[in-house]
1. Using just the helices of the chain, give the 222 nm mean residue ellipticity in deg cm²/dmol: DSSP H runs with n ≥ 4 each add -39,500 (n - 2.57), and the total is spread over all residues, rounded to 500.
2. Once both axes come from the Cα atoms, what is the angle between helix 2-15 and the longest principal axis of the chain, in degrees from 0 to 90, rounded to 10?
3. I'd like to compare 125-132, 145-152: which one has the highest average count of other Cβ atoms within 10 Å, and what's the full order after that?
4. Going by the alpha-carbon gyration tensor, a ≥ b ≥ c the square roots of its eigenvalues, is the stretch 131-181 rounded (a/c under 1.5) or, if a/c is not under 1.5, prolate (a/b greater than b/c) versus oblate?
5. Select one label from (1) 302; (2) 195; (3) 93: the one whose number is volume of the Cα convex hull per residue in Å³ as derived from the coordinates shown.
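No value in this document is a laboratory result; all are computed from the given coordinates. This structure is a prediction, so every number in the text was calculated from the model and none was measured. No Cβ is skipped: glycine too gets one built from the backbone with ideal geometry, and neighbour counts run over all protein chains shown.
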Amino acid sequence: MKKNMMICAAGLAFMLPQTASAQDWNGIYVGGQLGYNSYDVDTDVDGLTYGVVAGFGGTSGGLYGAIEAEFNLSNVEGEGSGVEFEENSIGAINLIAGAPIAPNTLLYGKLGFFRSDVEYEIFGVNFDDTGTGYELAFGGEFALQNNLSIRGEVGFFDGEFDDVDVEFDGTSLSLGVISRF
């Protein structure tokens, strides 16, 4: 279902009127995003994330590249098998590569390293921990005006907790608004 939602969102972005002139994808950008993360940590854990992104990108020879930092607060939680899990925040550094496919549309892939602050309770004992790992995401950005765009991403991540020997993986979806300078 999540995959179908992203396909529909991407399709809608391409059907929007072509109101923007050729987007300048070069330079500094900042934005906000709202997302949904779903983890598999021996039980299903999911919830909303919301945060900010900032980066520097540019085009050369018809290709796009960027480096980006993001910070998100999280409402991701779940419980099962005697474990309660809650994620508080996520920070990431990402490398982005893609190509403009139309004057106001950019498609890209993203490879990032993330750090997640979590709390969990195992049979009544509380723990604070850090999860680290990588994310591979695919997305698109559509310029609404010369310096304002919307974007959507679907990502797949894999990581492990630092203090306990537990690995996790999951899926993320996000929608954002970007302003370029």
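1. Numbers: 1 runs with 14 residues, N = 181.
Computed mean residue ellipticity for the chain: -2500 deg cm²/dmol.
2. The helix 2-15 is inclined about 20 degrees to the chain.
3. Details: 125-132: 12.6, 145-152: 17.2.
Put in order of decreasing packing, that is 145-152, 125-132.
4. Details: a/c = 4.88, a/b = 3.00, b/c = 1.63.
The shape class here is prolate.
5. (3)
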